[in-house]
1. Lysines near A:Lys177 by alpha-carbon distance under 22 Å, same-chain residues fewer than 8 away left out - which ones?
2. Given C-alpha coordinates of segment B:279-400, what is the ratio Rg to Rh with the Kirkwood estimate of Rh?
3. If we count every other residue with Cβ under 13 angstrom of B:Gly368's Cβ, Lys/Arg +1 and Asp/Glu -1, where does the sum land?
4. May I ask you to work out the translational diffusion coefficient for segment B:273-329 at 4 °C, viscosity 1.567 mPa s, via Stokes-Einstein with Rh from the Kirkwood sum over Cα pairs, reported in whole µm²/s?
5. Which one, B:Ser381, A:Leu53, A:Gly16, projects farthest toward the positive side of the charge dipole computed for the protein assembly as shown from Cβ point charges (K/R +1, D/E -1)?
6. With a cap of 14 neighbouring Cβ atoms within 10 Å, and only residues DSSP puts in a loop, list the GluC sites (Glu not before Pro) found in segment B:106-173.
7. For A:Asp204 and A:Lys31 in one chain, what is 0.36 nm times their gap in residues minus the Cα-Cα distance, to one decimal in nm?
8. Largest first and to the nearest Å, give the Cα extent of the protein assembly as shown along each principal axis.
Amino acid sequence: MSYIVADNLIKKYGEGETAVSAVDGISFKIKESEFVGIMGESGAGKSTILGMLGAMNAPTFGRLVVDGIDIYELSQEQRADFRREFLGFVFQSFHLMPYLTVMENIMLPLAVVKGGKKKKREMAKEAMNQVGLLEKAHRLPSQISGGEKERVAIARSIVNEPPVLLADEPTGNLDTKTTRGIMELFGRLNEAGMTIVMVTHSPDCAGYAQRIIKVSDGKLVGYYSERHANA
Amino acid sequence: MKANNILTFPERYKDVTLKTISIRNLLRRKGKAGFILAGLVIGVSTVVGIITFVEAMTSDINHKLEKYGANILIVPRTENLALSYGGLTLGGVSFEMQEIQEQELTRLRTIRNARNVAALGPLVLGVVNVDSKKVLMAGVDFKAAEILKPWWHVQGAVPEENEVLLGAEAARILDLSTGNQIAIKDKKLVISGVLQPTGSQDDQLIFTRLVTAQTIFNKSGRISMAEVAALCKDCPIDAMVKQISDVLPGAKVMAIQQVVKGRMAALAQFKKFSYGISGVILFIGSLVVLVTMMGSVRERTDEIGIFRAIGFRKRHIMKIIFMEASIVSGLAGIIGYFIGFGAAKAALFVLIENHSGYVPFRYELAFGAVMTALILGLVSSAYPAFMAARLDPNEALRSL
């Protein structure tokens, strides 16, 4: 059974004759615990698709269903709740809060989650364990390397144990060795049952995905599956 | 050892809450927070300073106005109409002089605003012959007269028993001076002093102690009228007149309206002007908060976008902004109060001659200052908070 169903998604910016189509009738399905990469040239509509999957960018037309929930039938505040409960985001530029420590950055999504302090600390500890950053919990983002920042960002995105992880060029600012480490981490998270959708330019990174959705000019131009991204 | 530290380290962390985010943000943007703080401190301290100054001035003016003497007269109730106008009395017309029992004046202690009575001066009047000239003699309470007639300056001494004090004009016409003796109704009275000219009717009179006059006029325990100096900072003078009338139904109680109303009107004008200025300054202070908060929200677009992306609701964003505003505003209220209070004290010391410099600490004003700062801070932050909450997370994400 498909976990994420995108049905004829269309996204236009502007109105009338000046309207620009960023996404033009894309449909796809993603199974639970699947690792999917979205590839395409700059301006192809990858980030728009990710924004729509992230319940942040309502399509002009079409439906997006996640775990049976028609996302854009929800109110804005319900979509915020959905993001908190269902999604984890990893951004290219990490976007950690510079005034919070590593530990606090990781605990950030829990600031608006009900639950005891002890439980929240346990969740943060578990997330830090997964990314291997326990020993740097007390440091500020300015005191850690780019790769570590990326791992903090990943820990932040998985701390509330969401079923889906969305990543936008997660290794765009990292060197090859660190990139490999991050992709292996994604692989482990996926093996643990997390559905991952990753936008990337890098064929190497795409190689870690089970399936690639390739887009061009806002249209879906092909699928590659079972780690054949390099083909 | 290290492994043990690693395992226990997170236990030392407190929970990350919206309050944590607000406080850390303020500490991070000290310049902006300081600017908001300064804007509100200026507004609040100005208002506190002006209010404290005005209150102290009011108190000071009231205190000084006490020295302008009586402002309420108690006279016997009569059914006759006055036959004098502009200081001229029609000759040949006389009335039977009515009196008030001196004992009745003790009832003034029972009125609601008794503590506003600064001085009560009973007065007995009568006509006496001195060297075949008719002169008006008044028996007064000289202690009360110090407050009721502060313009009196005595050359000589205040009369003791069997002594008199002459008005300047009376001394001139009777050709008498300090140390002379006069005989009134077979009673020898020594002139203890002469009043310097006052420009009032007092210049024409002979004054003696109340008991002496009552003995001479055979009016023991009775008085012709009484003067009251009422301090009416906290009460309307009309209310005091009514209260005195109620306890002295046989007397006619009159307020010297012009003085009191003029005094109050001047103070009211000054207060209105001061509060107007305060309002303008507070308005400017709130604009500073609004503009700075708007700038802060714009700067934090990406941060707010991330918050929204990871599931913060609009109200969470607004809560963060309002919490920041509350912390800065509360602090501004406290600092503003103390600066305003100090400034008012300094201004009173420098500007008001003979001011004691004592300005009481007022809890209600301090509370009002903090509440005003909080309300201003929150109201001025409402629009920026609303804008921040409305921020489209996708727009923020695209800007990253």
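Values quoted throughout were computed directly from the atomic coordinates according to the rules given, and no laboratory measurement underlies them. Not measured: the values here are computed from a predicted model. All Cβ positions, even for glycine, are placed from backbone atoms using ideal geometry, and neighbour counts span all protein chains on display.
1. Qualifying lysines at Cα under 22 Å: A:Lys136, A:Lys149.
2. Here the Rg-to-Rh quotient is 1.19.
3. Around B:Gly368, the charge tally is -1.
4. 99 µm²/s
5. Selected residue: A:Leu53.
6. Answer in residue order: B:Glu160, B:Glu161.
7. 60.0 nm
8. 141, 65, 35
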